[in-house]
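Structure first, then comments.
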Amino acid sequence: MRSGFLFAIILMTLAQCQASTIINPLFGQVQNNCDYSDTPPYGNCEVIGTPDLYDIQAASVTINSSDTLLTVMIYLDSGAVQVNSNNQLVLGPFNDGVTLIPGDIFFYNPTTVYDPSDPATSAYLQYGIPLVNHGSFVAGNLYNITGSTSVETAQQALNNVAGYYRLDEDVLMTGTGTALTSGSVSVASNGGNGTTSALYVVTVTVPITTAFSSVVSNNQVGILFSSADCGNANIQGTVGTEAPEPSPALLILCGLGLLAAGCTWRKRMA
């Protein structure tokens, strides 16, 4: 039986490095004696499950000087990274006992606070970008989360009651929606070893409309991303939008904030 000794989910207090980047200082941490739970905080380790499939090192956001182009870069280890028939790295579904896909990237105004334990705060998530196609949503496109477009939790996305995962984390857009703009998603090697530096970097580039300014305050924007739709490992925080993107060597130095947790798909013991 799993131990009843559970700790609160890690909410790290981090120092600022570059204004456009949030960094996980526990990336690559050895995880031993992990206990998992069906209820918050769901576990006492940074990632529940195999870190090689889920761990996020950093995320950066940049908006160009004319406020017309958004670039998001996510540094991570991920089971969703695959090699296609053209020998190119791409993102796609992967299996860890159930079929998973990468979560969508969400944006919110930093004057508000998204908290998965409070469903009312889901309304603060105003824009989303999928990294892979799902439902009516196309990878790389920018959507306004309003009207027929809403968000769903990991529990709603997976409907998997037999596994350990962060049930209440918003992970995907759902419903229907028309893209505001069309962008692109690319995957490249980050040159890392997966422990002190991430294996991959995912880059999203998409035009933005003037309405996107509703989630920008004092040149900062709130960002939320789960590396899989089980809500397994999450990065969330407020980032500046004007600083240049960091080099991979800087990604282990410091950061602003990270919320990390995980999922695994082992059968429960009675």
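Some observations on this one:
- Total residues in segment 35-61, condition outside any helix (DSSP H, G or I), of a type in the set (A, V, I, L, M, F, W, C) and closer than 10 Å to A233 by Cα: 3
- Segment 95-145, residues that are part of a loop (DSSP other than H, G, I, E, B), in contact with an Asp or Glu (Cβ under 6 Å, 6 or more places away or on another chain) and among the small types (G, A, S): G103
- Count of residues meeting criterion [hydroxyl-bearing (S, T, Y), buried (at least 24 other Cβ atoms within 10 Å of the Cβ) and more than 12 Å from N190 (Cβ to Cβ)] in segment 54-91: 2
- Test: residue in segment 25-37 that is within 28 Å of P110 (Cβ to Cβ) and either modelled with pLDDT of 95 or more or among the β-branched types (V, I, T) (or both): no
- For segment 175-196, the set of residues classified as crowded, with 20+ Cβ neighbours inside 10 Å and either touching a helix residue (DSSP H, G or I) at 6+ places or on another chain (Cβ under 9 Å) or modelled with pLDDT under 95 (or both) consists of G177, N190, G192, listed by residue number.
- Scanning segment 156-170 for residues that are under 13 Å from Y36 (Cα atoms) and crowded, with 17+ Cβ neighbours inside 10 Å turns up G163, Y164, Y165, R166, L167.
- Residue in segment 73-90 that is under 15 Å from T241 (Cα atoms), hydrophobic (A, V, I, L, M, F, W, C) and not in a loop (DSSP other than H, G, I, E, B) present: yes
- Scope segment 57-77; condition over 17 Å from N141 (Cβ atoms) and of a type in the set (S, T, Y); matching residues: S60, T62, S65, S66, Y75
- Checklist (1) in contact with a helix residue (DSSP H, G or I) (Cβ under 9 Å, 6 or more places away or on another chain); (2) buried (at least 21 other Cβ atoms within 10 Å of the Cβ) applied to V98, failing item: (2)
- Subset tally (residues that are buried (at least 24 other Cβ atoms within 10 Å of the Cβ), among the polar types (S, T, N, Q) and either in a strand (DSSP E or B) or under 8 Å from the mean Cα position of the chain (by Cα) (or both)) for segment 211-235: 3
- Just so you know, in segment 148-173 the residues that are free of Cβ contacts under 8 Å to residues at least 40 places away in the same chain and of a type outside the set (A, V, I, L, M) include one that is farthest from Y54 (Cα to Cα), and it is S148.
The values are calculated or read from the model by the stated rules, or taken from the named source; none is laboratory data. All of these numbers come straight from a predicted model, not from anything done at the bench. A quick note on method: Cβ atoms are made from the backbone with ideal geometry, for glycine too, and the neighbour counts reach across all protein chains shown.
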